[in-house]
Amino acid sequence: MIRIILVIACSAFAFSLFAQEAPTVKIKRENKEIYRKQDSIYNWRIHQSRLDGRYIPKDLNDCFRELDKLMDEDTQAEFMAFSDEEVDSKTHRTLGKWIEVNWSLVEGSRLSSYFNKMRVPHYDYMIGIIIQSYHRKLHGRDIKLKEQVLRFRAIWAKKQEEEAKKMLENGESK
């Protein structure tokens, strides 16, 4: 009698283990399929010269040509009137938002891929580099692209470090 109870208990325990594992595997497979689809869409997007009917610049110089077409003389003069230090903060929510949406920096485009290859870690930094570089180009100055990229990488690294520190502190207090 004890053997029968032990066999039934072990069987029930074994079945419960397998019953828990199957849905997890299924979910993981579904997630992999979702990621695979997202990757294929992203890979398609970064090779397109047009997305949603809009031209996507391929690099920074192409951005400059497109911004030259976009801005009339008065707008360019207003843009140039900002100092180098304030141009991004003064135009990030207007021109920067236009760049983000129309050049698909968040969803992925050949322009975001260009910046990703330089290891620019966030689309807001891509926008900052475009704005700062265009401003410097209009003033006939060196855009110092490498310096900008390194500065934004350092800012990103510091933010990541601070977030990790906060997470550790919150984890210790619980």
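The values are calculated or read from the model by the stated rules, or taken from the named source; none is laboratory data. All values derive from a computational prediction rather than experimental measurement. Ideal geometry is used to build each Cβ from the backbone, glycine not excepted, and the neighbour counts take in all protein chains shown.
Couple of notes before you dig in:
- In segment 23-78, the residue that is modelled with the highest pLDDT out of those that are β-branched (Val, Ile, Thr) and touching a Lys or Arg at 6+ places or on another chain (Cβ under 9 Å) is ILE56.
- Odd one out for ALA154 among (1) loosely packed, with under 11 Cβ neighbours inside 10 Å; (2) modelled with pLDDT under 95: (2)
- Within segment 47-106, considering residues that are of a type in the set (A, V, I, L, M), part of a helix (DSSP H, G or I) and under 20 Å from the mean Cα position of the chain (by Cα), the one nearest to HIS139 (Cα to Cα): LEU60
- Residues that are in a helix (DSSP H, G or I), crowded, with 20+ Cβ neighbours inside 10 Å, among the aliphatic types (A, V, I, L, M) and at pLDDT 95 or above do not occur anywhere in segment 138-150.
- Among the candidates ASP74, ASP84, ASP124, residue that is among the charged types (D, E, K, R), in contact (Cβ under 8 Å) with a residue 40 or more places away in the chain and out of contact with any strand residue (DSSP E or B) (no Cβ under 8 Å at 6 or more places or on another chain): ASP84
- Of all residues in segment 80-130, those satisfying the criterion of being β-branched (Val, Ile, Thr) and touching a helix residue (DSSP H, G or I) at 6+ places or on another chain (Cβ under 8 Å) are VAL87, THR91, ILE99, VAL106, VAL120, ILE127, ILE129, ILE130.
- Total residues in segment 91-109 satisfying the condition of being surrounded by fewer than 20 Cβ atoms within 10 Å (Cβ to Cβ), modelled with pLDDT of 95 or more and not hydrophobic (A, V, I, L, M, F, W, C): the figure is 6.
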